[in-house]
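Worksheet: the structure to be examined is printed underneath.
The values are calculated or read from the model by the stated rules, or taken from the named source; none is laboratory data. Bear in mind the structure is a predicted one, so any value in this text is a computation, not a measurement. Every residue, glycine among them, receives a Cβ derived from its backbone with ideal geometry; neighbour counts consider all protein chains shown. What goes into the accessible areas is simple: the full protein's heavy atoms, side chains included, and nothing from ligands, DNA or RNA. Shrake-Rupley method; radii C 1.70, N 1.55, O 1.52, S 1.80 Å.
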Amino acid sequence: MDAQVKQTLKASYDQQARLRNEETIQTWKSEEMDRFLKRLHELSPDTHRRVLDLGSGPGHQAVYLQNQGCEVTCVDLSEEMVAICKEKGLAAFAMDFYHLGLPEQSFDAVWTMNALLHVPKEGLHQVLTNIETVLKPEGLLYLGLYGGYESEGIWEHDTYRPQRFFSFYEDEHIQRKVAEVFDIEQFTLIPMDGTQVDYQAILARKK
């Protein structure tokens, strides 16, 4: 990840960490987690499931997954977000997506919602490869992103300070990128009313 992009994202999310911790999970997000959990249970119904929450933020989704029986490890760029996760009793580490200091083939699944949209497009393949490395054979990936059109750069309408870097993809483009590393099982599009973006959800398996 470009050093300036990384520094900006870290500063922005460090500043917003406590405010974001006060938010609650939107219904459509919990429904997506339930869909992910259903598929994960189908793949490994009788095993202890280890899940990596990549870009975990303050750990709302990690707690939800943990309450459903998963052993969750949180990774986030923001040290403030990681500190909040630890306050909740979650295993959490400050890392960026380019340097996952985690054992190979150590997770049954990776959950990442609206985190990889901060990765510059030229680096997405490397990040997906890093995710593939930490997944067990035929491990499950849930990748969720805002998108629906092509864009890359600092989002001029961002209310966070400093303003964040975003990468948005057209539907076919993001599927092609993910398919370079994973076998896609399902692509789901969720319209975000009142915004210019849709939510793109991909369930995929390690090849």
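Modelled spin labels at residue 158 and residue 93, positioned 7 Å past Cα toward Cβ, are 2.6 nm from each other. Shown for the chain: the carbon plus sulfur share of the solvent-accessible area, taken with all protein chains present and a 1.4 angstrom probe, equals 47%. Pull up the DSSP beta bridges for the chain and report the antiparallel fraction as a percent, rounded to 5. Restricted to the chain, the bridges split so that about 55 percent are antiparallel. Rounded to the nearest 20 debye, the dipole magnitude of the chain is 440 debye, with +1 charges on Lys and Arg beta carbons, -1 on Asp and Glu beta carbons, and the Cα centre as origin. Among 102, 27, 58, which residue has its Cα furthest toward the positive end of the charge dipole of the range 1-121, with +1 on Lys/Arg Cβ and -1 on Asp/Glu Cβ? The residue sitting farthest along the positive end of the dipole is 27. The candidates 48, 125, 60, arranged from most to least accessible area with a 1.4 Å probe in the full protein assembly, appear as 48, 125, 60.
In this simple spin-label approximation, residue 176 and residue 125 carry label points 7 Å from Cα along the Cα→Cβ vector, and these lie 1.2 nm apart. Taken per residue, the accessible surface of the chain reaches 47 Å², heavy atoms only and a 1.4 Å probe. Ranking of 207, 29 by solvent-accessible surface, largest first: 207, 29 (1.4 Å probe, protein heavy atoms only, all chains present). Note on the range 57-103 and the range 147-185: Cα centroid distance 22 Å, given to the nearest whole angstrom. Segment residue 197..residue 151, full-extension length gain: 15.5 nm, with 0.36 nm per residue of separation and the alpha-carbon distance subtracted. For the range 95-178, GluC sites (Glu not before Pro) meeting the loop criterion (DSSP other than H, G, I, E, B) and having at most 15 other Cβ atoms within 10 Å: 104, 150, 156, 170.
Using every pair of distinct Cα positions in the range 81-207, the Kirkwood expression returns a hydrodynamic radius of 15.6 angstrom.
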